[in-house]
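Novice: My questions all concern the structure below.
The values are calculated or read from the model by the stated rules, or taken from the named source; none is laboratory data. Not measured: the values here are computed from a predicted model. Note: ideal-geometry Cβ built from the backbone for every residue, glycine included; neighbour counts use all protein chains shown. Side chains are part of the model used for accessible areas, which takes the heavy atoms of the whole protein and leaves out ligands, DNA and RNA. Shrake-Rupley method; radii C 1.70, N 1.55, O 1.52, S 1.80 Å.
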Amino acid sequence: METILVTGGAGFIGSHVCVELVQAGFRVVVIDNFVNSTPESLERVETITGERLHWMDVDMMNLESLDEVFQTFSIDAVIHLAGLKAVGESVVDPLRYYLHNLTPLLHLCECMQKHHVHRLVFSSSATVYGPPQQVPILETHPIKTENPYGRTKHMSEQILEDFQRAYYPMKIVILRYFNPIGAHSSGLIGENPVGVPMNIMPYLTEVAVGKRPVLHIFGDDYPTRDGTCIRDFVHITDLAKGHVKGVEATDRMKSGVSVYNLGTGKGTTVKELLHTFERVTQKTIPYWITVRRPGDIAVSYADVQKAEEELGWKATKEIEDMCLDAWKWQRLNPAGYIKK
Ligand SMILES: NC(=O)c1ccc[n+]([C@@H]2O[C@H](COP(=O)([O-])OP(=O)(O)OC[C@H]3O[C@@H](n4cnc5c(N)ncnc54)[C@H](O)[C@@H]3O)[C@@H](O)[C@H]2O)c1
């Protein structure tokens, strides 16, 4: 049985990745400093899978603590998800983002080299493409980062390229996510934003559950079929399964770095998402159209052929599933995770 270290495993994406790894037969070790999560998500992963997880409260800013993890466990591969992810916050406090998104990666590379762990999956983002020159967006699309958060992802990718060139045994898969939404179908784990949600789906479900009065749609004058932005929403469980495929791919690779988009390849407008949510949940969502948000791009969706051909991964869930599962999570957990 292979042992996978998942950094940031208590977070939104991490908790779903842990479920899929355990169900695919991997032994999972989680580290997290719980800066944006709670150990309760990991207890719930154990409830879903019926397996105990090995988890530790480790801050990856601390090299010694991270090194201890590598000394304690015989790790076969790492999925690195830990990091800060709020674009707006990164504009206000860029140094915090550079420090806290790049230092953990540098520490991780150091430990992996020292302990001869050569397989790594890194979570990047479609935000590295900036406004697309054409859609669907291929992995070869030029990079144009527009905010400090996006730049930390691009810099991380560059660090990994350089590290791999200098340290030949490394086998690295970089996953560029489009817009993960939804929740596990059990309703036990899901997205648990602190304060005002920055993304549409948690905002929408908070309006549906009565926590917020109205959904704001930022602009309906984009050059799209209904004037609202088009995004590639992908179910979190599909995205999580993509990580299992990513880890398996690192086993097949000789050495090098491979980059894959994880999306559905389909674009959905914000209004289409809203109306699908209303239809499948039978809830009416009040909404206001407000001004465009600076930095938002009109249309973004992935070319997913490379992931399909090389990873053998394809998203299977529809927008309806994403809405139903997000709603189930919100309905069963109106205050999110309870324990802090
Ligand atoms: N959610 C998205 O839409 C999205 C899109 C593209 C990329 N990503 C990337 O995917 C990764 C996971 O995102 P998420 O949505 O699950 O976010 P999240 O905040 O829910 O999870 C990140 C986890 O990392 C932990 N963490 C942060 N700094 C740490 C440190 N120094 N040491 C140990 N743990 C630390 C947090 O406590 C949290 O549990 C992030 O790197 C994010 O940038 C997310």
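Novice: Provide the convex hull volume over Cα atoms per residue for the stretch 231-331, in Å³.
Specialist: Working: hull volume 12.1 nm³, N = 101.
Dividing the Cα hull volume of the stretch 231-331 by its residue count gives 120 Å³.
Novice: Let me ask another. Using every alpha carbon pair in the stretch 1-128, what percent of pairs falls into each 10 Å bin from 0 up to the bin containing the largest distance?
Specialist: 13, 46, 33, 8, 0
Novice: Same structure again: How big is Rg to Rh over the stretch 118-239, alpha-carbon atoms, Rh as the Kirkwood inverse-mean-distance radius?
Specialist: 1.03
Novice: Out of the trypsin sites (Lys or Arg not before Pro) in the stretch 194-247, which ones are loop residues according to DSSP with at most 15 other C-beta atoms within 10 Å? Walk me through the numbers on the way to the answer.
Specialist: Values: sites: Lys211, Arg225, Arg231, Lys241, Lys245; in loops: Lys211, Arg225.
Of the trypsin sites (Lys or Arg not before Pro), the ones in loops of the stretch 194-247 whose Cβ has at most 15 other Cβ atoms within 10 Å are Lys211, Arg225.
Novice: Now for a separate question. With n ≥ 4 as the cut-off for DSSP H runs, can you work out [θ] at 222 nm for the chain, using -39500 (n - 2.57) per run divided by the number of residues, rounded to the nearest 500? Provide the component values of the computation, followed by the final result.
Specialist: Working: 10 runs with 130 residues, N = 340.
Dividing the helical sum by the residues of the chain leaves -12000 deg cm²/dmol.
Novice: Calculated FRET efficiency, Asp226 and Leu63, Cβ-Cβ r, R0 41 Å, to nearest 0.05?
Specialist: E(calc), rounded to 0.05, equals 0.25.
Novice: Rolling a 1.4 angstrom probe over the protein heavy atoms, how many square angstrom per residue are accessible across the stretch 301-340?
Specialist: About 56 Å² of surface per residue is accessible.
Novice: Continuing with the same structure: Determine the per residue accessible area of the stretch 168-256 with all protein chains present and a 1.4 angstrom probe, expressed in square angstrom.
Specialist: 36 Å²
Novice: Show me the ranking of peptides 37-43, 113-119 by mean Cβ neighbours inside 10 Å, starting with the highest.
Specialist: By packing density, highest mean first, the sequence is 37-43, 113-119.
Novice: Sort out for me the Cα centre separation of the stretch 39-89 from the stretch 180-198, rounded to whole Å.
Specialist: One Cα centre to the other: 19 Å.
Novice: How much of the accessible area of the stretch 1-111, in percent, comes from carbon and sulfur atoms when a 1.4 Å probe is used?
Specialist: Of all accessible area on the stretch 1-111, carbon and sulfur atoms account for 51 percent.
Novice: Specify the inter-centroid distance of the stretch 113-140 and the stretch 228-269, based on alpha-carbon positions, in whole Å.
Specialist: 10 Å
Novice: Over the stretch 50-132, average the accessible area per residue using a 1.4 Å probe and give it in Å², no decimals.
Specialist: Numbers: 3850 Å² over 83 residues.
For the stretch 50-132, the per-residue accessible area is 46 Å².
Novice: Of the heavy-atom accessible surface of the stretch 160-312 (probe 1.4 angstrom), what whole percent is carbon and sulfur?
Specialist: Its accessible area is 51 percent carbon and sulfur atoms.
Novice: What Kirkwood hydrodynamic radius, in Å, does the chain give when the mean of 1/r is taken over all pairs of distinct Cα atoms and then inverted?
Specialist: Final number for the Kirkwood radius of the chain is 20.3 Å.
Novice: Continuing with this model, one more query. Taking every DSSP beta bridge that has both residues in the chain, what percent is antiparallel when rounded to the nearest 5?
Specialist: Here the antiparallel bridges make up roughly 5 percent for the chain.
Novice: P(r) for the stretch 64-159, please, calculated from all Cα pair distances in 5 Å bins and given in %.
Specialist: 2, 13, 21, 19, 16, 13, 9, 4, 1, 0
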